[in-house]
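Asker: Below is a structure I'd like to ask you about.
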Amino acid sequence: MKIKKVKDNVYILRGKIKEISDYHDIKMLLEKHKNEPNVELHFEIPQAKEVNFYILGYCLKLARKNGFKFHFYIASPYLYDTFVRLGLHQFFEVVNDSMELYL
């Protein structure tokens, strides 16, 4: 996985997001924002068909306990459907489209 910072709080996650190292990379990125008030992060996922469950769990923890607001822009219909089936759309904004249209 490669993380590309577009601007403050806006990132593009490219490649497979399945390895434990990907979890550690994203956790480090999120830890930088942990002490900020009203954190709102945008992630575009243009290619991946899966996301490591550790990553999703950590994002869910930050959303529920720390008040983080996550926006996921997902190109893969399969991954989008997975987010919806897991009920993550209740805690994150999940959009089945490219981020460019919304930011």
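The values are calculated or read from the model by the stated rules, or taken from the named source; none is laboratory data. All of these numbers come straight from a predicted model, not from anything done at the bench. Don't worry about glycine lacking a Cβ; one is built from the backbone with ideal geometry, like all the others, and counts go over all protein chains shown. Please note that ligands, DNA and RNA were not included when accessible areas were found on the heavy atoms of the full protein model with its side chains. Shrake-Rupley method; radii C 1.70, N 1.55, O 1.52, S 1.80 Å.
Asker: Any idea which of N96, N66 is among the polar types (S, T, N, Q) and farther than 20 Å from D25 by Cα? Quick ask: steps written out before the conclusion?
Answerer: Values: N66 fails: farther than 20 Å from D25 by Cα.
None of the others qualify; the one that does is N96.
Asker: Next question. Which residues, taken from the stretch 40-53, are open to solvent by 40 Å² or more (accessible area, probe 1.4 Å) and modelled with pLDDT of 95 or more?
Answerer: Scanning the stretch 40-53 gives a single hit, E40.
Asker: With the checklist (1) open to solvent by 80 Å² or more (accessible area, probe 1.4 Å); (2) in contact with an Asp or Glu (Cβ under 8 Å, 6 or more places away or on another chain) in hand, flag the one item M99 doesn't pass.
Answerer: Here M99 meets the rest and fails (1).
Asker: Identify, from the list G57, G67, the residue that is over 17 Å from R14 (Cα atoms), open to solvent by 20 Å² or more (accessible area, probe 1.4 Å) and not in a loop (DSSP other than H, G, I, E, B).
Answerer: Residue meeting the stated conditions: G57.
Asker: Just to be sure before I move on: is F92 out of contact with any helix residue (DSSP H, G or I) (no Cβ under 6 Å at 6 or more places or on another chain), at pLDDT 95 or above and within 23 Å of K2 (Cβ to Cβ) in the structure I sent?
Answerer: Considered against the rule, which asks whether it is out of contact with any helix residue (DSSP H, G or I) (no Cβ under 6 Å at 6 or more places or on another chain), at pLDDT 95 or above and within 23 Å of K2 (Cβ to Cβ), F92 comes out as yes.
Asker: Residues being more than 11 Å from the chain's Cα centre (by Cα), over 23 Å from K32 (Cα atoms) and either aromatic (F, W, Y) or open to solvent by 20 Å² or more (accessible area, probe 1.4 Å) (or both): count how many of those fall in the stretch 70-94.
Answerer: Final tally of qualifying residues: 11.
Asker: Next up: Go through the stretch 1-24 residue by residue and tally those that are buried (at least 17 other Cβ atoms within 10 Å of the Cβ) and more than 20 Å from S76 (Cβ to Cβ).
Answerer: 0
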